[in-house]
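The values are calculated or read from the model by the stated rules, or taken from the named source; none is laboratory data. Model, not experiment: these values are computed from the prediction. Cβ atoms come from the backbone with ideal geometry, glycine included; neighbour counts cover every protein chain shown.
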């Protein structure tokens, strides 16, 4: 028994050491981007996609849901920040956390759909995102700017918003790292695998699913708010673009759902690949990227990290 506990403690130490090393490398690299004169815009969106893919992983990889309308949280966060800053004269640093709160409130409104599963949940979430977009488009133009959207005036601060995006990414990764080893995370995985069996073991399935859903909603809403501040403009066409959901899903799946490192690896690999393809073949960018995605899914159906762990299952105890 004692040897079992020692082995578990050793595995935990390796797990969190690797997680700390990965987080430290990411933090040092991104913190040095503006200082070294690297492409701030590219790295800003790289951090955004790491955060989006990681948060999506909570819903899909941990809880087993596939929300095709995931962009709804991003969009509500973007408009919440824009309205509070532009119309209510809120400081940006107060508006951003409130955009996360708006995402949580929206998740609570969508919570009854958690009773659905599989493709039914995905279709309903996509429909709800479309409805939300129409509602915001048809709200009074004085509030949301109508189809033209809102401009935040002269409040754009690219470098400052870059570091805020970095802080959001670190917070999201820390939360998901905690979730991966917490009782809530274990309950989410058990519910994902077999809800009936989990309930028999004493798991409060509806509450567990709701908590996972709320965590998955908070971070994309904050991302939407930070991106609105970074670009200084928000409109329904871009804030609720279904391509946001598509990229989030592709990046998360490319790395491997259900792991902490999978969405990070997937987002980094696919965003860099997208950038390289765009530079070399700007007219064929989407076509080549689509083919690359298909090849990746065919040959690595569990994603990069997921395939590695399938071949080396003993590494699951150590790799975040």
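For residue 156, indicate whether it is surrounded by 17 or more Cβ atoms within 10 Å (Cβ to Cβ), at pLDDT below 90 and over 22 Å from the mean Cα position of the chain (by Cα). Answer is no for this residue. Checked against (1) exposed (fewer than 15 other Cβ atoms within 10 Å of the Cβ); (2) closer than 28 Å to residue 23 by Cα; (3) in contact (Cβ under 8 Å) with a residue 40 or more places away in the chain, residue 237 passes all but condition (2). Of everything in region 70-105 that's surrounded by fewer than 16 Cβ atoms within 10 Å (Cβ to Cβ) and not in a helix (DSSP H, G or I), which residue is modelled with the lowest pLDDT? Taking the candidates together, the pick is 89. Among the residues making up region 33-59, those that are modelled with pLDDT of 90 or more and surrounded by fewer than 11 Cβ atoms within 10 Å (Cβ to Cβ) are 35, 36.
Within region 106-123, work out how many residues are free of Cβ contacts under 8 Å to residues at least 24 places away in the same chain and surrounded by 15 or more Cβ atoms within 10 Å (Cβ to Cβ). Summing the residues that are free of Cβ contacts under 8 Å to residues at least 24 places away in the same chain and surrounded by 15 or more Cβ atoms within 10 Å (Cβ to Cβ) in region 106-123 gives 1.
Residue under question is residue 242, and the condition is that it be buried (at least 24 other Cβ atoms within 10 Å of the Cβ) and touching a helix residue (DSSP H, G or I) at 6+ places or on another chain (Cβ under 8 Å); does it hold? It is false that residue 242 is buried (at least 24 other Cβ atoms within 10 Å of the Cβ) and touching a helix residue (DSSP H, G or I) at 6+ places or on another chain (Cβ under 8 Å). Take residue 259 and tell me if it is under 15 Å from the mean Cα position of the chain (by Cα), modelled with pLDDT of 90 or more and either surrounded by fewer than 21 Cβ atoms within 10 Å (Cβ to Cβ) or farther than 17 Å from residue 295 by Cα (or both). No; evaluated as a whole, the condition is false for this residue. Condition first: within 17 Å of residue 68 (Cα to Cα), in a helix (DSSP H, G or I) and touching a residue at least 24 places away in the same chain (Cβ under 8 Å). Can you find one or more residues in region 140-157 that meet it? So far as region 140-157 goes, no, none of its residues is within 17 Å of residue 68 (Cα to Cα), in a helix (DSSP H, G or I) and touching a residue at least 24 places away in the same chain (Cβ under 8 Å). Inclusion of residue 130 among residues that are at pLDDT 85 or above, surrounded by fewer than 19 Cβ atoms within 10 Å (Cβ to Cβ), within 22 Å of the chain's Cα centre (by Cα) and under 15 Å from residue 71 (Cα atoms) is warranted.
For the residues 187, 175, 167, 197, the requirement of being more than 22 Å from the chain's Cα centre (by Cα), in a helix (DSSP H, G or I) and free of Cβ contacts under 8 Å to residues at least 60 places away in the same chain singles out 197.
Residue 206 meets each of the listed conditions (1) assigned to a helix (DSSP H, G or I); (2) closer than 21 Å to residue 65 by Cα; (3) touching a helix residue (DSSP H, G or I) at 6+ places or on another chain (Cβ under 7 Å) apart from (3). Checking each residue in region 1-30 for being over 14 Å from residue 260 (Cβ atoms), modelled with pLDDT of 70 or more and in contact with a helix residue (DSSP H, G or I) (Cβ under 7 Å, 6 or more places away or on another chain) picks out 27, 30. If residue 135 satisfies all but one of (1) touching a helix residue (DSSP H, G or I) at 6+ places or on another chain (Cβ under 9 Å); (2) over 29 Å from residue 14 (Cα atoms), what's the number of the condition it fails? Residue 135 satisfies every listed condition except (1). Scanning region 287-314 for residues that are surrounded by 13 or more Cβ atoms within 10 Å (Cβ to Cβ) and in contact with a helix residue (DSSP H, G or I) (Cβ under 9 Å, 6 or more places away or on another chain) yields a total of 15.
Regarding residue 228, is this residue at pLDDT below 95 and surrounded by fewer than 24 Cβ atoms within 10 Å (Cβ to Cβ)? Let's see the steps before the verdict.
Values: at pLDDT below 95: yes; surrounded by fewer than 24 Cβ atoms within 10 Å (Cβ to Cβ): no.
In short, no.
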